[in-house]
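Working notes, structure below.
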Amino acid sequence: MIRIARLAVAGLLTIMAMGATRAEDALKARIGVLRLSSSAPVFIAQDKGYFREAGLDVELKFFDAAQPIAVATTAGDIDFGVTAFTAGLYNLAGKGVLKVIGGMSREKAGYPLIGYFASNNAYAAGLKTPKDLAGKRVVVTQVGSSFHYSLGLLADKYGFKLSEVKIIPLQSLSNAAAALKGETVDAALLPVSTARKLMDEGGAKFLGWVGDETPWQLGAVFAAPKTLTNKVLVTKVLAALAKADREYHDVILAAMKDGIAPINEKTRPLLEIIAKYTNLPVEQVVGNCAYIDPDGKLDVKNVDNQIKWLQEQGFADKGFDANAIIARDFVKAD
């Protein structure tokens, strides 16, 4: 009996040692994200163990705006960024210090993500629809941000000049929300997750969704060239995200009706994961599910259009296009 017990203990220690070795052997990766549903597959891959199953030890680092994620990636503070395209991100990529390796969120009709919101005073004074933003004071996070670009697309659609809008960059979502609530601006472009609390408190009025007005490829996965030399790491990260992309699409997005995901036995586990990482109750997450291609594809043509528009506006440097910033070895083009 003593011998059997010793063998059992020895076996247990061996298993524990093997587990420790596997943990030590796991490839480490730091991924920068925002606490938004547009990063849902990242949260799912982390929480359901898809990164771990791929042999990865992933640390998520959270930011309050998209541009700092791009900067942190080039600086080596994180290995991968998952966030919206910005002029700053494109400029870094144009210099060769960033590469786009996959698609993520998209502005698409029927999938609420970024909205146009008016202050109470501006709404009472006649700001009732997105096309009424001409001539108004509109807050965005940063010049050349995804919010700024969305506003530019809106101006093109309704035939007013972007220069007619007084753009007020306040660097973060929290600052933008505070300005709208404090009536120091007329309107703001905000994620619904940020704006919902404002609306619930009576601090803002909803005008419309960007996805309904001007659909576009909003977000992507990107990395610095140094990271891309480790093809095993990059392939594993993208494979885990692809698994989560498909699950998120097939379970939640496929079930959505009128912009709302149902809460049932099938969807609840994923909705609860998104709620956990976005710091929102599940009841709010259901109306805040960004569209993501089930195969993680990137709309390369749209990315090229974004670059050209930003270059024409003077927000992005000239001399590069989508082909120059995309890592074709990894990107699935749409």
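At-a-glance table
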{"item": "Ascending count of other beta-carbon atoms within 10 Å, so fewest first, for His249, His148", "result": "His249, His148"}
{"item": "Ascending count of other beta-carbon atoms within 10 Å, so fewest first, for Ile168, Ile307, Ile273, Ile263", "result": "Ile263, Ile168, Ile273, Ile307"}
{"item": "Answer label, with percent of Cα pairs over 39 Å apart calculated from the coordinates and candidates (i) 13; (ii) 20; (iii) 16", "result": "(iii)"}
{"item": "Positive-end extreme of charge dipole, the chain - chosen from Thr129, Gly94, Asn230 (charges on Cβ)", "result": "Asn230"}
{"item": "Selection from Thr141, Phe63, Leu36 lying farthest towards where the dipole of the chain points positive, charges on Cβ", "result": "Phe63"}
{"item": "Surrounding net charge for Gln311, when Lys and Arg each add one and Asp and Glu each subtract one, Cβ distance under 13 Å", "result": "-2"}
{"item": "Mean ellipticity per residue at 222 nm, deg cm²/dmol - from DSSP H runs of n ≥ 4 across the chain, formula -39500 (n - 2.57)", "result": "-13000 deg cm²/dmol"}
{"item": "Label-point gap, in nm, between Asn305 and Asp212 - each point 7 angstrom along Cα→Cβ", "result": "2.0"}
{"item": "Highest-MSF residue in the chain out of Val285, Val303, Val251 [GNM, Cα springs under 10 Å]", "result": "Val251"}
{"item": "Choice from Ala322, Ala84, Ala40 with maximal GNM fluctuation in the chain (Cα, 10 Å cutoff)", "result": "Ala322"}
{"item": "Fluctuation leader among Ala220, Ala178, Ala261 - the chain, Gaussian network, Cα springs under 10 angstrom", "result": "Ala178"}
{"item": "Full-extension gain in nm, Lys231 to Met199, via 0.36 nm per residue minus C-alpha separation", "result": "7.0 nm"}
{"item": "R0 of 30 Å, Cβ-Cβ distance Lys95-Glu53: FRET efficiency to nearest 0.05", "result": "0.25"}
{"item": "Sequence of Leu36, Leu238 once ranked by neighbouring C-beta atoms within 10 Å, starting from the fewest", "result": "Leu238, Leu36"}
{"item": "Antiparallel bridge percentage (DSSP; both residues within the chain; nearest 5)", "result": "55"}
{"item": "Cβ-placed point charges (K, R +1; D, E -1), dipole of the range 138-271 about Cα centre in debye, nearest 20", "result": "520"}
{"item": "For the chain, size of Cβ-based charge dipole, Lys and Arg +1, Asp and Glu -1, in debye", "result": "480"}
{"item": "Under 5 Å, built H, 5+ apart or other chain: amide partners of Gly208", "result": "Tyr116"}
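Just so you know, all these numbers are worked out from the coordinates, no wet-lab data involved. It should be emphasised that the depicted structure is a prediction, and the values quoted were computed from it without experimental measurement. Cβ atoms come from the backbone with ideal geometry, glycine included; neighbour counts cover every protein chain shown.
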